Amino acid sequence: MKEAVRKVQADANRSADTHLLRFPLPEEWGIDLYLKDESTHPTGSLKHRLARSLFLYALCNGWIRPDRPVIEASSGSTAVSEAYFAQLIGVPFVAVMPRTTSAEKCRLIEFHGGRCHFVDDPRGMYEEAARLAAETGGHYLDQFTYAERATDWRGNNNIAESIFRQLRLERFPEPAWIVATAGTGGTSATLGRYVHYMQYDTRICVADPENSCFFDGWTTGDPDVTRDCGSRIEGIGRPRMEPSFVPGAVDRMMQVPDAAGVAAVRALEGVMGRKAGGSTGTGLWSALKIVAEMVAEGRRGSVVTLLCDSGDRYLDKYFSDAWLAEQDLDIAPYGAVIDRLLATGVWSG
């Protein structure tokens, strides 16, 4: 156990912080928009932080044992990062995933020594992962339960502390808003708790895609809200209110059409030359809407959102016109909203 913890900690010690990139906006607006580029982690996504925390949490609790498999229910990016850490400490890894998970994510899991175990109904991932763990004597990491408690939200270089440290020399070092998206809910919980703990005035917005229950559960206060199908935006949006989603840590939620999230991904590539995944686009759409509200109200300040992972994992989805047609998604009207905002400062969506 000591050696496994040392290896995980040493990996963090070798890793540099992720970049905070500026999204270009007209200077006269007096608003700065930043993207925290989590795609630069060793496993290419925001979930690298979560996987490291989950492994340390499980190791220090004595749940991970030599030669016993570690099992996770995941739509992909968390599993990629967890496969990396399982290989690092020398234990088998199995990812229980929807069959629709992108081929590139599956390749990356297998590249890091993991095995993909597919389910046809995303709602059945949890039970299948628990069954495999019981059957093999392994450990089910259960990111959807433990994400909010495995991360040290008071600091210790979590994503919130990193954002505020990197903003320290900017003209608006305390952002008006930080926008996140929710898969487990762990990131929004960490951000909200840290902001409250540090007594900042920053507010937290969560952008929610179609076919997700988080928005309805948050607005109604009903923890039993469910959906009968999975999200098209991989990594975010859930068919049930996950235990790691902490409603009280969130100040605002926005429902974002999937076509709008994809349009924002395409706009990001056009403006900054960077391909990103659909979760990034969902958050960016909400961040741009908040920027538009600030412009309309004459408020100055900064807004931060997350670049969650690289678009190279989704070339056959969000960057494929054939996939858009297959999904009956028309991104043109939403792209026009973004173009008009950047040209005039007016939001027409």
Do we have residue 109 as under 27 Å from residue 320 (Cα atoms) and either buried (at least 20 other Cβ atoms within 10 Å of the Cβ) or in contact with a His (Cβ under 6 Å, 6 or more places away or on another chain) (or both) here?
-> yes
Could you say whether any residue in region 205-228 is open to solvent by 10 Å² or more (accessible area, probe 1.4 Å), at pLDDT below 95, outside any loop (DSSP other than H, G, I, E, B) and among the polar types (S, T, N, Q)?
-> yes
Scan of region 304-317 for residues that are more than 30 Å from residue 100 (Cβ to Cβ) and open to solvent by 40 Å² or more (accessible area, probe 1.4 Å), ordered by number = none
Taking into account only those residues within region 253-275 that are free of Cβ contacts under 8 Å to residues at least 60 places away in the same chain and closer than 28 Å to residue 73 by Cα, which is surrounded by the fewest Cβ atoms within 10 Å (Cβ to Cβ)?
-> 255
Is at least one residue of region 118-128 closer than 28 Å to residue 38 by Cα, in contact with a Leu (Cβ under 9 Å, 6 or more places away or on another chain) and of a type outside the set (Ser, Thr, Tyr)?
-> no
Filter pass, residue 12 being farther than 22 Å from residue 175 by Cβ and surrounded by fewer than 22 Cβ atoms within 10 Å (Cβ to Cβ) | yes
Is region 171-178 home to any residue that is in contact with a helix residue (DSSP H, G or I) (Cβ under 9 Å, 6 or more places away or on another chain) and among the small types (Gly, Ala, Ser)?
-> yes
Could you grab me the full set of residues in region 289-303 that are out of contact with any helix residue (DSSP H, G or I) (no Cβ under 6 Å at 6 or more places or on another chain) and either hydrophobic (A, V, I, L, M, F, W, C) or open to solvent by less than 10 Å² (accessible area, probe 1.4 Å) (or both)?
-> 290, 291, 294, 296, 301, 302
Which one is nearest to residue 46 (Cα to Cα) among residues in region 129-144 that are part of a helix (DSSP H, G or I) and open to solvent by less than 30 Å² (accessible area, probe 1.4 Å)?
-> 143
Within region 271-299, residues being touching an Asp or Glu at 6+ places or on another chain (Cβ under 9 Å) and farther than 23 Å from residue 183 by Cα number 1
When residue 75 is evaluated against the numbered criteria (1) buried (at least 24 other Cβ atoms within 10 Å of the Cβ); (2) within 26 Å of residue 6 (Cα to Cα), which criterion, by number, is the only one it fails?
-> (2)
Identify all residues within region 302-349 that are under 16 Å from residue 272 (Cβ atoms) and among the acidic types (Asp, Glu); write none if there are none.
-> 309, 312, 339
Counting only residues that are in contact (Cβ under 8 Å) with a residue 40 or more places away in the chain and in a loop (DSSP other than H, G, I, E, B), which one in region 148-167 is surrounded by the most Cβ atoms within 10 Å (Cβ to Cβ)?
-> 151
Odd one out for residue 50 among (1) in contact (Cβ under 8 Å) with a residue 60 or more places away in the chain; (2) touching a Pro at 6+ places or on another chain (Cβ under 9 Å); (3) among the hydrophobic types (A, V, I, L, M, F, W, C) = (2)
Note on residue 235: of the conditions (1) modelled with pLDDT of 95 or more; (2) at positive phi, unmet is (1)
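Here's the yes/no breakdown for (1) crowded, with 24+ Cβ neighbours inside 10 Å; (2) aliphatic (A, V, I, L, M); (3) out of contact with any Phe, Trp or Tyr (no Cβ under 8 Å at 6 or more places or on another chain):
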{"residue": "32", "(1), (2), (3)": "no, no, no"}
{"residue": "37", "(1), (2), (3)": "no, no, yes"}
{"residue": "57", "(1), (2), (3)": "no, no, no"}
{"residue": "61", "(1), (2), (3)": "no, no, yes"}
{"residue": "85", "(1), (2), (3)": "yes, no, no"}
{"residue": "90", "(1), (2), (3)": "no, no, yes"}
{"residue": "104", "(1), (2), (3)": "no, no, no"}
{"residue": "118", "(1), (2), (3)": "no, no, yes"}
Scan region 144-191 residue by residue and report those that are at positive phi and over 14 Å from the mean Cα position of the chain (by Cα).
-> 155, 156, 157
Output the residues belonging to region 192-234 that are under 16 Å from the mean Cα position of the chain (by Cα), over 22 Å from residue 151 (Cβ atoms) and of a type in the set (S, T, N, Q).
-> 231
If we ask which residues in region 131-153 are under 14 Å from residue 63 (Cα atoms) and of a type in the set (A, V, I, L, M), their number turns out to be 4
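The values are calculated or read from the model by the stated rules, or taken from the named source; none is laboratory data. Computed from a prediction, not measured in an experiment: that's the story for all the values here. Here Cβ is always computed from backbone atoms with ideal geometry, including for glycine, and neighbour counts include all displayed protein chains. Ligands, DNA and RNA are excluded from the accessible area calculation, which covers all protein heavy atoms including side chains. Shrake-Rupley method; radii C 1.70, N 1.55, O 1.52, S 1.80 Å.
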